[in-house]
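Please treat every number below as a calculation from the coordinates, not as lab data. Please read these numbers as outputs of a predicted model, since none were measured by experiment. With ideal geometry, Cβ positions are generated from the backbone for all residues, glycine too; neighbour counts draw on all protein chains shown.
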Amino acid sequence: MIRRSLIIAGALFSASVASEGLTWFESNTPLTQTHKHLLNNDLPAMFSSLVEVWQLEENVNLAPHLNDLLIQSLEVDCGKGLGNKAFPSWLKGVLVQRSEIQSPGRDAFRATVEVQSTLPISRVSLTRWVDKSVSNDNSLERIRENQAGIITYSKRYNISNKLAMGLYRIDIVSENNESWSSWLILGDPKLYMTVRWASKDHWQVEQNALLNPNCPLPKLNAALYDYVDGKYNQVWTGSYESDYPTSLPLNEIDAGRYVLAVSMAHRRWQGQIIVEQAQIISKTYDVSVEE
């Protein structure tokens, strides 16, 4: 697999160099360094060079090529080698999720940063290089605390369009001013599996490409919500990483009108950060007594 990655990376490098009228020995740009580090399987250095390319390069036509390099690097270890910046002792986990929500007559987009910490958190921010706010519509919510004292926070951004590929910055600050930050590169990910409605009460899972064996299997989640007093309350959920179902177990669900949401999520890493891309389809769903 690594050998195949290197061959493809080499081909990408050759094409890029040819398009710029340069050769390997005549240039030492951040882009050529990115290729060189990928060919040498030095993922931390490759990531640093890729960050520098995103900081310096204004040519939007280069973005698809940078995305190809990022995707190619995932063939090694699903991104765990991209960056070596460790969490401080109080920070236990960071997940960045991009969601595309498809409902009848309307598509919506959301970005979420989920943080696990042993310290109370005062601020979580996700900004695009340079200092561009992802959205003014954002909120930090304390979700839960487990018996080990780890608190989970969620920062949600409702956005009007899909979060664009490029360079981002994550900043996390605790109430006693402990802080941690990291660069984050978001690409245009391959969706190996997608979901769509097949009928009124069934959905279909479609495989669009061979899975990356170094990444977790895509996870399907199905959930039912009822709407009470202006709030959606989850009444049933199921998660699956294989043998994906295509309908609900109606014998476990009371009769009523619900909102059904089915999602397919793909995960990778950037060092210790989990990066997740989720496709969600939703619609009103009636469960009758006869069913």
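Some notes on this structure:
- All-pairs Cα distance distribution in region 96-178, expressed in whole percent, bin size 5 Å: 3, 13, 23, 22, 17, 12, 7, 3, 1, 0
- The chain - Rg over Rh from alpha carbon coordinates, Kirkwood radius: 1.01
- Choice from Arg128, Arg257, Arg106 showing the highest fluctuation, given a GNM over the chain with Cα pairs closer than 10 Å: Arg106
- By other beta-carbon atoms within 10 Å, ranking Trp197, Trp183 with the fewest at the front produces Trp197, Trp183.
- Square roots of five times the Cα gyration tensor eigenvalues for region 169-247, Å: 32, 24, 11
- Debye equation applied to the C-alpha atoms of region 142-283, log10 I(q)/I(0) at 0.14, 0.18, 0.19 Å⁻¹: -0.91, -1.29, -1.34
- In degrees, nearest ten, helix 43-56 long axis to first principal axis of the chain (Cα): 90
- Helix 30-39 vs. the chain, principal-axis angle (Cα, 0 to 90°, nearest 10): 80
- Sites Gln55 and Asp286, calculated FRET efficiency, Cβ-Cβ separation with R0 45 Å, nearest 0.05: 0.30
- Cα extents of region 34-182 along the three principal axes, largest first (Å): 45, 45, 27
- Net length available on complete extension from Ser199 to Ser135 is 19.5 nm, with 0.36 nm assigned per residue and the Cα-Cα distance removed.
- The angle separating the long axis of helix 2-20 from the principal Cα axis of greatest extent in the chain is about 60 degrees.
- Lysine pair count for the chain [Cα-Cα under 22 Å; pairs on different chains or 8 or more apart]: 18
- For the chain, built as a Gaussian network whose Cα springs stay under 10 Å, the top-fluctuating residue of Asn214, Asn138, Asn146: Asn146
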